[in-house]
Amino acid sequence: MYVPPFNALSDEAGARALVAEVGAAELVTAGPDGYPAATLLPVVWDGDTVSAHLALANPHWRSIADDQPTLLVVRGPQAYVSPSWYATKAEHGRVVPTWNYSAVHLTGRARTVTDPDWLRAHVETLTRLHEDHRAAPWAVDDAPSSYVTGQLRGIVGVEVTVERVEGKDKLSQNRSDADRTGVVAGLREEGTGEAAAVAARMTR
């Protein structure tokens, strides 16, 4: 990932917060033919390990060898930035469009996991992450045991040991305060969730 110093999400806590907020990552690995394969997966990042799971029917997992070099791409909010929002457009006109976004790349090594106890623990953790804040949270134990066992047979776990964390917040940090104020206002007027989310990150 290309990260100019002023766009760096330099603290790991910030990277972890974005990953937790998004909740999913593109798992990218190279197959035996050298071509990349990618699958979007819900993830759990705990310590230096990211856990996820794929459908057994997804051929991607079959190309993942133990200690396979792996990239996890976590995409935060993104939005087009119009040069018409910059205060400096009226001053000299030397402005161009850009794209604001937040992202985290986790690089490491992966292995697949078929152990049913690991898979159940992973699914239970993932479920709690997305259910515990609800008024009536659903739990894995709410489903019949035989049904859960059958569903677990249909997935394969992936465990990635993270070796490098790269985070980027490209949020107009290289622009003047007046330009940034204009971008935030313009994004809020766009009327889309992603544009509003980018504006919210810019104001933090």
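A few notes on this one:
- Shown is the FRET efficiency for Asp48 and Thr203, computed with R0 = 41 Å from the Cβ-Cβ distance and rounded to the nearest 0.05: 0.80.
- Note: relative contact order over the chain, using C-alpha pairs below 8 Å and six or more positions apart, is 28 percent.
- Gain in span if fully extended, Tyr35 to Arg134, counting 0.36 nm per residue against the direct Cα distance: 31.5 nm
- Near Asn58: Cβ cut-off under 15 Å, other residues only, Lys/Arg at +1 and Asp/Glu at -1. The net charge is +1.
- GNM result for the chain, Cα springs below 10 Å: residue of Glu12, Glu91, Glu163 fluctuating most strongly: Glu91
- Residues of region 99-132 with amide N under 20 Å of the 7 Å Cα→Cβ point at Arg153: 113-124
- For the chain, the longest principal axis of the alpha carbon atoms and the long axis of helix 12-22 meet at an angle near 80°.
Taken together, the values in this text are just the output of simple stated rules run on the coordinates, not laboratory data. Just so we're clear, the structure is a prediction, and the values are computed from it rather than from any experiment. As a convention, Cβ positions derive from the backbone with ideal geometry for all residues, glycine included, and neighbour counts pool all protein chains shown.
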